[in-house]
Amino acid sequence: MNVSYRWLRDIVPGLEASPEEVAVRLARRGAPVEGAVSPGAELGDIVVGRVVTTGPHPNADRLSVCTVDAGAGVVHVVCGAPNVEAGSYYPFAPVGAVLPGEIRIKKSKIRGEVSEGMLCSARELGLGTDHSGIMKLEGDHRPGASFVGAMGLDDVTLDVEVTANRGDLLSHVGIARELAAAGSGNIRLPSIPGDPALSPTYAEDARAVRVGSVSITVEDADLCWRYLGAVIRGLSIGPSPAWLQERLRGAGARPINNVVDATNYVMLELGQPLHAFDLRRLTGDAIVVRRPRDDERRFVTLDGEERALGPDMLMICDIERPVAIGGVMGGQNSEVEHDTVDVLLECALFAPASIRATRRTLGMSTDASYRFERGVDPDSMRTALERAVSIMLATAGGALDGPVLDVHPRRAEPTVVPLRLARIERVLGVPFDAGRVRGLLEPLGFTVEAEDGERLDFGVPGYRSYDVSREIDLIEEVARTHGYDAFPSEAGSYRPSTVPDDPMFQLEDALRDALVALGFLEAQTPAFVGDLEGEVRVANPLNTQEPFVRRDVLPSLLRRVEYNLARGNRDVRLFEIATSFRAGNPGGPPVERSHLALVATGLREPAHWSVPDEPVTLWDLKSWAEEAARLAHPGSKVIPAAEEEGPFEPGGTFALLDEVGARIGLAGRVRQDRVDTPPWAEAVWGLEMALPAQAPPRATRIFHRPPLHPPSDRDLALLVADRTAAEEVLSLIQSSGGELLESVDIFDHYRGEGIPEGTRSLAFRLRFRAADRTLKDREVDRAVQAIVGRLKEELGVERRG
């Protein structure tokens, strides 16, 4: 939001702060100033010039030769504009001056005549769009005086950052209200030079109003909550007076003409967008507010673009056709032109959600839509309309014709929100009495409707009705106006919550902790992908190259691996917990499920001179997969995949199965055609696993005393058939060892001399221990014999040697 510092001072007469101090105060109230510029910053070389004489150019029919008094003497200037008059004042760029766009003025000869400067148009100075003639300065001026000072361009334009919920700050009055509430003064609207002091009457109805030949009808009351129209006849379209142009330029806007400038002035001052229709171009002198008909699917807006209309867009129409897209932009078929005499001035209240949807569908944003979709003040519509009419009559002549038409299908209901003093202290940690709360909220426009000891009922002003509807919203206002920096820095006493986190949050945190402990870093990658990686199309994609949301998370991480390898980072370990989107039943919503994906390449551990470098291997990946699967799916297994699947190479892929044997994920070495790596890079390993729809219950941690008695270890060397997985052998040992078996680990794998074909040797270390005594050899031997017996009986595994 561009804000004129001078305009603010006129609205808040007691404001004595400098632009820098205003920026600090606004930042403390939640509206930081991003920057400050002067509208005349690039015009410091321009002076006021008085044309002394003017005559035809001897060698060119369309040029004239002028003598100009620029304060330091009279100079000759060749000019091509037809509107230069002797005795009048114009902006003059002397030799050496620099215009906007880095255009430097030089002494030159034009068709044989010397030109020692340049008389400038508004467009050449960046002050408007008019390029038909030189910009004439009204009133008396001193030749050679600063053009910036003479035109009031020494203002400061503040760029205020406004959050999406604070539509009330999209106006000078809204910003001024914050400054006045901070003790800088009271708000008043600046006077209008030549104000006709109107006191209009209104013709009202809930659906349709007619005054004379002009009528307004609202057919779609769900999208248009109120529509006011004023008929002004006898206008004379032309440039706005200096005071109005000065206001607009100070707020970063360009003057156009007196009618359009009047609507822009009110929008910038009060936050209410307005639109003027050329009345003679409205068929039937009628306004009908409705959705487009089936044959109304294209519309040309003021910017000359043809727009495709949707069935739920709100259109402003005459009795035959649309003439504007409601709340967004008017149409070329009804715009105000230089010969316009009569206008119908619109002041409307549209449903914010409708304007937001229309703006997104059309892919366009305007000053009007930006305000309507955030909500405009329903209580100041008549004030805004009357102020715009007054400015038009003061600057363009004419007269208001009859009562103002006011159609209001939906009346704005006042909002009252209760506020408990005890609740303020509980949330903010600081007590506030009723007087202090009133002093903080009433300057912002809130009114006390009832007061009962420890509770105050506040009426919410219309301009805050969109974002203040709950008690916590009022508490936020108390904190904001009190000043966040005014709260004590010491932490007060508090009671930690006994409500546990959602089980899914607990599971995700457990996975994060485990993977970070293994050297992984968490990544967050965009969910938008191309058509090869997604099944679910986004209704309003950010760009045409990525119109889908991803089916799998792993490809996004592989792109991060490529990014790192391209920059010489050889060792990469990343993981991400994100949502997978798959197409659901026809006509139904997509299927969403949380996934865990990880990638790794490079060394197993940081390089050090004391140990040889070893790259990540298949067994590292298997251990990571087992750890992740154990946390997410208790009772799960990680087994070799039967065949090549997904992005992984054959012979190096594991399938992750849950406790009932259903596949929940894959892990393996990523195929070279799935990831672009340089020749020196190590293998890239990846995993993707679906997380459960409902997290398993969190296991209760049981603490035991350290063992008091020594363990007894036994090593078993077993001949295992190639078709038998080591996981099966390990599981059978654990289930056969009884309560004395404490742990089992594989410590050797051997193929070679002495090992029959089709088998390999696996060595297991078994640790036995009793909590109440030292075990005897015969107890351990019986347990080992039982294990060996079951291995032979169920898996055909023989003890080696």
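The values are calculated or read from the model by the stated rules, or taken from the named source; none is laboratory data. None of these values were measured; they are calculated from a predicted model. Here the Cβ positions follow ideal geometry from the backbone for every residue, glycine too, while neighbour counts run over all protein chains shown. Surface accessibility is based on the protein's heavy atoms, side chains included, excluding ligands, DNA and RNA. Shrake-Rupley method; radii C 1.70, N 1.55, O 1.52, S 1.80 Å.
Would you mind telling me the share, in percent, of accessible area of the stretch 316-381 contributed by carbon and sulfur at probe 1.4 angstrom? Using a 1.4 Å probe with all protein chains present, the stretch 316-381 comes out at 44 percent carbon and sulfur. Extension gain for the segment Glu34 to Val341, taken as residue separation times 0.36 nm less the Cα-Cα distance, is 106.4 nm to one decimal. Helical content alone sets the calculated 222 nm signal of the chain at -7000 deg cm²/dmol, taking -39,500 (n - 2.57) per DSSP H segment of four or more residues and averaging over every residue. Partner lysines whose Cα lies under 18 Å from the Cα of Lys622, excluding those fewer than 8 positions away in the same chain, are identified as Lys637. Here the 3J(HN,Hα) profile of the stretch 373-378, calculated from phi with Karplus coefficients 6.51, -1.76 and 1.60 at θ = phi - 60°, is 6, 9, x, 9, 5, x Hz, Gly and Pro shown as x.
Every Cα-Cα pair of the stretch 381-451 was included, and the share exceeding 20 Å stands at 58 percent.
Calculated on C-alpha atoms, the gyration radius of the stretch 476-543 divided by its Kirkwood radius gives an Rg/Rh of 1.19.
The accessible-area ordering, largest first, of the residues Asp457, Asp154, Asp485 stands as Asp485, Asp154, Asp457, per a 1.4 angstrom probe. Remark: the stretch 499-511, residue by residue, has Karplus-estimated 3J(HN,Hα) of 7, x, 5, 4, x, 5, 5, 5, 5, 4, 5, 5, 5 Hz, where x stands for each Gly or Pro and the curve is 6.51 cos²θ - 1.76 cosθ + 1.60 at θ = phi - 60°. By the compact-protein rule of thumb, 2.2 N^0.38 Å, the alpha-carbon radius of gyration of the stretch 687-776 corresponds to a ratio of 1.47.
In whole Å, how far is the Cα centre of the stretch 679-746 from that of the stretch 295-366? The stretch 679-746 and the stretch 295-366 have Cα centres separated by 69 Å. Computed from the Kirkwood radius of its Cα pairs, the Stokes-Einstein diffusion coefficient for the chain at 20 °C and 1.002 mPa s stands at 63 µm²/s.
Computed from Cα atoms, the angle from the helix 352-362 axis to the main principal axis of the chain rounds to 80 degrees. Its relative contact order, with pairs defined as Cα atoms under 8 Å and 6+ residues apart, puts the stretch 143-231 at 9 percent. The value for the stretch 736-800 of Rg(Cα) / (2.2 N^0.38 Å) is 1.29. Counting only DSSP beta bridges whose two residues both lie in the chain, roughly 95 percent are antiparallel. For His76 and Arg582, FRET efficiency with R0 = 60 Å and r from the beta-carbon atoms, rounded to 0.05? Taking R0 as 60 Å, the efficiency between Arg582 and His76 is 0.15.
Label points 7 Å out from Cα along the Cβ direction at Leu542 and Arg297: separation in nm? In this crude label model, Leu542 to Arg297 measures out at 3.2 nm.
Computed across the stretch 340-437, the Kirkwood radius stands at 17.8 Å (inverse of mean 1/r, all Cα pairs). Using a probe of 1.4 Å, the accessible surface attributed to Ser735 totals some 80 Å² when neighbouring protein chains are kept in position. log10 I(q)/I(0), Debye, Cα-only the stretch 506-651, no solvent, q = 0.19 Å⁻¹? Taking Cα atoms of the stretch 506-651 as identical point scatterers yields -1.33.
Straight-line cross-link partners of Lys109 among the lysines, defined as a Cα under 21 Å from its Cα and at least 8 positions apart when in the same chain, are absent.
Model label sites at Arg778 and Glu306, defined 7 Å from Cα along the beta-carbon direction, differ in position by 10.2 nm. When the surface is traced with a 1.4 Å probe over the full set of protein chains, Lys109 keeps roughly 150 Å² accessible. Using the Cβ-Cβ distance between Ala607 and Arg254 with R0 set to 60 Å, the FRET efficiency from 1/(1 + (r/R0)^6) comes to roughly 0.45.
Fully extending the segment from Arg790 to Ala514 would add 95.9 nm, taking 0.36 nm per residue of separation and subtracting the current Cα-Cα distance.
Rg then Dmax, both in Å and based on the Cα atoms of the stretch 244-381: 14.6, 45. In terms of Cα atoms, the Rg and Dmax of the stretch 570-674 work out to 16.2, 62 Å. For the stretch 418-441, the residues whose amide N sits under 12 Å from a probe point set 7 Å from the Cα of Phe487 along the beta carbon direction are 424-431. Ligands, DNA and RNA are left out, and with a 1.4 angstrom probe the accessible area of the stretch 650-744 is 59 Å² per residue. Rolling a 1.4 angstrom probe over the protein heavy atoms with all chains in place gives the stretch 254-390 an accessible area of 35 Å² per residue. Taking the charge dipole of the chain about its Cα centre, with +1 at Lys and Arg Cβ atoms and -1 at Asp and Glu Cβ atoms, the residue from Ile103, Pro414, Gly331 reaching farthest to the positive side is Ile103. The heavy atoms of Trp680 offer some 100 square angstrom of accessible surface to a 1.4 angstrom probe.
Protein heavy-atom accessible surface, 1.4 Å probe, per residue over the stretch 554-613: 57 Å².
Here the simple spin-label model places points 7 Å from the Cα toward Cβ, and for Asp748 and Val52 these points are separated by 11.3 nm.
For the pair Glu21 and Gln672 in one chain, pulling the backbone fully straight at 0.36 nm per residue adds 228.4 nm over the alpha carbon distance. Please give the helix 258-270 orientation as an angle from the longest Cα principal axis of the chain, in degrees from 0 to 90, rounded to the nearest 10. Helix 258-270 sits at roughly 50 degrees to that axis. Ranking Arg188, Arg291 from most to least accessible surface, computed with a 1.4 Å probe over the protein chains only, gives Arg188, Arg291. Across the stretch 423-570, the relative contact order, built from alpha-carbon pairs under 8 Å that are at least six residues apart, equals 12 percent.
Can you find, among Gly584, Val78, Leu385, the residue farthest towards the positive end of the dipole of the chain? Put +1 on the C-beta of Lys and Arg, -1 on that of Asp and Glu. Towards the positive end, the residue furthest out is Gly584. Scaling the Cα radius of gyration of the stretch 170-241 by the globular reference 2.2 N^0.38 Å produces a ratio of 1.63.
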